[in-house]
1. Check every one of the strands (runs of 3 or more DSSP E) wholly within the stretch 143-261 and list those with 1 or more residues that are without any contact (Cβ under 8 Å) to a residue 60 or more places away in the chain.
2. Of Ala316, Ala305, Ala293, which residue is farther than 24 Å from Ser367 by Cβ and touching a helix residue (DSSP H, G or I) at 6+ places or on another chain (Cβ under 8 Å)?
3. Report whether or not Ala95 is modelled with pLDDT of 95 or more and surrounded by 22 or more Cβ atoms within 10 Å (Cβ to Cβ).
4. Looking at Ala189, Ala145, Ala157, which one is over 25 Å from the mean Cα position of the chain (by Cα), small (Gly, Ala, Ser) and modelled with pLDDT of 95 or more?
5. Out of (1) surrounded by 24 or more Cβ atoms within 10 Å (Cβ to Cβ); (2) under 29 Å from Trp75 (Cα atoms); (3) without any contact (Cβ under 8 Å) to a residue 60 or more places away in the chain, the odd one out for Arg342 is which?
6. In the stretch 176-196, how many residues are surrounded by fewer than 17 Cβ atoms within 10 Å (Cβ to Cβ) and of a type outside the set (D, E, K, R)?
7. So which residues in the stretch 1-20 are surrounded by 16 or more Cβ atoms within 10 Å (Cβ to Cβ), away from the ligand (no atom under 12 Å from the Cβ) and of a type outside the set (Val, Ile, Thr)?
8. Right, Leu279: within 15 Å of the ligand (Cβ to nearest atom), over 11 Å from the mean Cα position of the chain (by Cα) and crowded, with 24+ Cβ neighbours inside 10 Å or not?
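The values are calculated or read from the model by the stated rules, or taken from the named source; none is laboratory data. Since the structure is predicted, the reported quantities are computational estimates derived from the model, not experimental observations. Don't worry about glycine lacking a Cβ; one is built from the backbone with ideal geometry, like all the others, and counts go over all protein chains shown.
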Amino acid sequence: MGSRLSIAVVGAGMGGLATAAALHRMGIDVMVYEQARAFERLGAGIQIGCNAMQVLRGLGLEQRMRQEAFCPRSWNNKDAATGQVRYDQIFGASAEERYGAPYLLAHRGDLHATLASAVPGERIRLGHQVTGLDDQAGAAVLRFADGTTARHDAVVAADGVHSLVRNLLFGRGEVNFTGRIAYRTTLPAALLGGGEIDECTKWWGEDRHIVIYFVKPDRSEVYFVTSQPEPGFTLESWSATGDVRTLRAAFGGFHPQVRRVLAACPGVHKWALADRDPLERWHDRNVTLLGDACHPMTPYMAQGAAMALEDAAVLARLLHSTDDRASIGDAFRRFEATRKDRASRVQLTSRANTWLNTKTDVDWVYSYNPWTTPLAP
Ligand SMILES: Cc1cc2nc3c(=O)[nH]c(=O)nc-3n(C[C@H](O)[C@H](O)[C@H](O)COP(=O)(O)OP(=O)(O)OC[C@H]3O[C@@H](n4cnc5c(N)ncnc54)[C@H](O)[C@@H]3O)c2cc1C
């Protein structure tokens, strides 16, 4: 059954695009509103867990992603100073066999472009910053910064960790800033001047860590992301250019392999790390939150985007079997009931930053398939 509903998605990030792609594939009328005027290729990598790859497969995007991304033999975990292995989580062919999908490492821009390729251009309105949301006789009316409006049967707010729609629905609750900063960038592997580096390793120090991995199948591009204390940062420094000399000094005691990557790195961005406690509610009548808007998390399990992608698949399944506006609230209630326990568990597990530090049970994360998981009644 194809739904005749008209759905607005706020935000063309990972969650918004995946939702739009899934709805469009199911023949549902969807329009994405994104505040940015153009898509930017931010210098960052992203781990695409086997569970997230199930979503891409269902959207017909698996082959493209495999061609763009690096498939590591493992996610290794080493002591920062000695290089001693703490725990080596094997992926490669064995993960594919066990979980039914590969574990890939990609450039964030490549994952974003892959998702965007599954949404027709005319279904995405760039330069549309949502500033308000009204209920008019059961329809949802979005208001934009330029004074225009758009009317839809329902709204899926995938507007990220600082979600405006979340604030409008449930009041302004501040995010939990962790007091820590992530420095991150991608760089051409050629800058390393030869010499091997690990395929994918998290180097664990006492109060900081760095994760380094390849993001291209031919190992031509390297990515790193750190987490380190930065007391006194402010909301204004949420996303900014970082100083590579400060970064190199902060990791001066780390393994020579780490220092070599940082020495070769020409520039870097820094990003304040934040999460939230699990929210009490994700939806209100015909408006639902999705992705970071409802379950922002620290990046320590590399599962934030994966959760947003899983959300997209489950939500699309529910909307596919919803035919009239009156039933939307029920579909959104079932979405929340299907997804909340899992997303909350990942949020709280991630917060602890112990994932893969020692032997870890990972099956519950990577074996989930949102296209087949039972839907809440
Ligand atoms: C350092 C770091 C490393 C990470 N690494 C990984 C990883 O390896 N693997 C993984 O799975 N996850 C990772 N994550 C998490 C992942 O980046 C997020 O969980 C994911 O981007 C969430 O997607 P989203 O669509 O919910 O939000 P976003 O990707 O933040 O998208 C929100 C979109 O909404 C738009 N928007 C916001 N407000 C408005 C408005 N008012 N009107 C219109 N548009 C609006 C924004 O411009 C943006 O495009 C990492 C995060 C960080 C910080």
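1. Numbers: elements: 149-152, 154-157, 176-188, 200-204, 209-214, 221-229, 239-242.
Hits in the stretch 143-261: 149-152, 176-188, 209-214, 221-229, 239-242.
2. Working: Ala316 fails: farther than 24 Å from Ser367 by Cβ; Ala305 fails: farther than 24 Å from Ser367 by Cβ.
Selected residue: Ala293, the only one of Ala316, Ala305, Ala293 that is farther than 24 Å from Ser367 by Cβ and touching a helix residue (DSSP H, G or I) at 6+ places or on another chain (Cβ under 8 Å).
3. Working: modelled with pLDDT of 95 or more: no; surrounded by 22 or more Cβ atoms within 10 Å (Cβ to Cβ): yes.
The answer is no for Ala95.
4. Values: Ala189 fails: over 25 Å from the mean Cα position of the chain (by Cα); Ala157 fails: over 25 Å from the mean Cα position of the chain (by Cα).
So the residue among Ala189, Ala145, Ala157 that is over 25 Å from the mean Cα position of the chain (by Cα), small (Gly, Ala, Ser) and modelled with pLDDT of 95 or more is Ala145.
5. Going through the list (1) surrounded by 24 or more Cβ atoms within 10 Å (Cβ to Cβ); (2) under 29 Å from Trp75 (Cα atoms); (3) without any contact (Cβ under 8 Å) to a residue 60 or more places away in the chain, Arg342 breaks only (1).
6. Initially, the stretch 176-196 is screened for residues surrounded by fewer than 17 Cβ atoms within 10 Å (Cβ to Cβ), giving 176-177, 179, 188, 190-191, 193-196.
Among the residues that remain, those that are also of a type outside the set (D, E, K, R) are: 176-177, 179, 188, 190-191, 193-195.
Number of matching residues: 9.
7. Taking the stretch 1-20 and keeping what is surrounded by 16 or more Cβ atoms within 10 Å (Cβ to Cβ), we get 3, 5-20.
Then keep just the ones that are away from the ligand (no atom under 12 Å from the Cβ); that gives 3, 5-7.
Ser3, Leu5, Ser6, listed by residue number.
8. Values: within 15 Å of the ligand (Cβ to nearest atom): yes; over 11 Å from the mean Cα position of the chain (by Cα): yes; crowded, with 24+ Cβ neighbours inside 10 Å: no.
So Leu279 does not fit the description; no.
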